[in-house]
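Scroll down for the structure; my scribbles are underneath it.
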């Protein structure tokens, strides 16, 4: 689904706009492609609202020189290719997106339109660039992982939260488990003396998520580590609700899950990453090449602990871990 709107200053009002051909020659066009958040809700999202406002503050002002086109797959992985074709056909000045899978769909369609992406995984490991310092292609942006080793850190924190945990399920897409993420997790599990059970999906649809939770109910792991692909993110409330239903303590890679009732999240500092993305987009609109802008790897992380959920699960989170948390939900 595609929506087009001018970003009207800090208010970001979604107003009907004239055709591109009628825009001033000085107007820049950016396309936002989100795997999950409905296009109509992007201007009100807690990440994208300040993104667009801060971009306006740099001089890329809605109503004057900025047109934003919004696209969403609404959690349907199978739509990525068609949306990528549509976006590339519209020929924006910059494409902004938030997942490795979306980047792959876009780079299959264009090697010239600049792509600025926030990626959960390392784009170097994924083979999208040959260097983080100098990507050399039409892709730049930020990686939420300080290397895939961050998944080992999440598993370690989960073990700290539940010291008695001996079996942990990994809920994610098959490609994550088969790639570098799975390798790092298996090594970390061996060090922590945890038996890791892969609970893999081919896509993050509600039916697939429900199917895997039924299997988890049969395996009865002590906890679950949830990956953060865009398909799953579209159904984050369902995942949190099913974890609660099955009385599973869960660690998440995105803060929204904990804020919606998940137990723990260890996440990249989104404010920092947003500022980096904004700067990348602004540089490109001013004439810089995406391939000359280094891809930034997250260096700051935040721990969120939901004590309300811990109480509902009958868990006592160690005081030392609670004291280290950047945010405690009570």
Residue set 199, 216; condition touching a strand residue (DSSP E or B) at 6+ places or on another chain (Cβ under 8 Å) and either over 16 Å from residue 229 (Cβ atoms) or exposed (fewer than 15 other Cβ atoms within 10 Å of the Cβ) (or both); output residue 216
Checking residue 207 against (1) under 20 Å from residue 239 (Cα atoms); (2) in contact (Cβ under 8 Å) with a residue 12 or more places away in the chain, only one condition comes out false. Which one? (2)
Region 236-259, residues that are within 16 Å of the chain's Cα centre (by Cα) and not in a helix (DSSP H, G or I): 251, 252, 253, 254
Filtering region 155-191 down to residues that are part of a helix (DSSP H, G or I) and crowded, with 23+ Cβ neighbours inside 10 Å yields 155, 158, 176, 181, 185
State all residues of region 273-313 that are assigned to a loop (DSSP other than H, G, I, E, B) and in contact (Cβ under 8 Å) with a residue 24 or more places away in the chain; if no residue qualifies, say none. 289, 293, 294, 295, 298, 299, 300
Collect the residues in region 276-291 that are closer than 20 Å to residue 122 by Cβ and touching a helix residue (DSSP H, G or I) at 6+ places or on another chain (Cβ under 9 Å), keeping them in residue-number order. 277, 280, 290
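Any read-out appearing in this document is the output of simple, stated calculations on the displayed coordinates, not a laboratory observation. Owing to the predicted nature of the structure, the values given are computational and were not obtained by experimental measurement. Quick reminder, even Gly has a Cβ in these numbers, built from the backbone with ideal geometry, and neighbours come from all protein chains shown.
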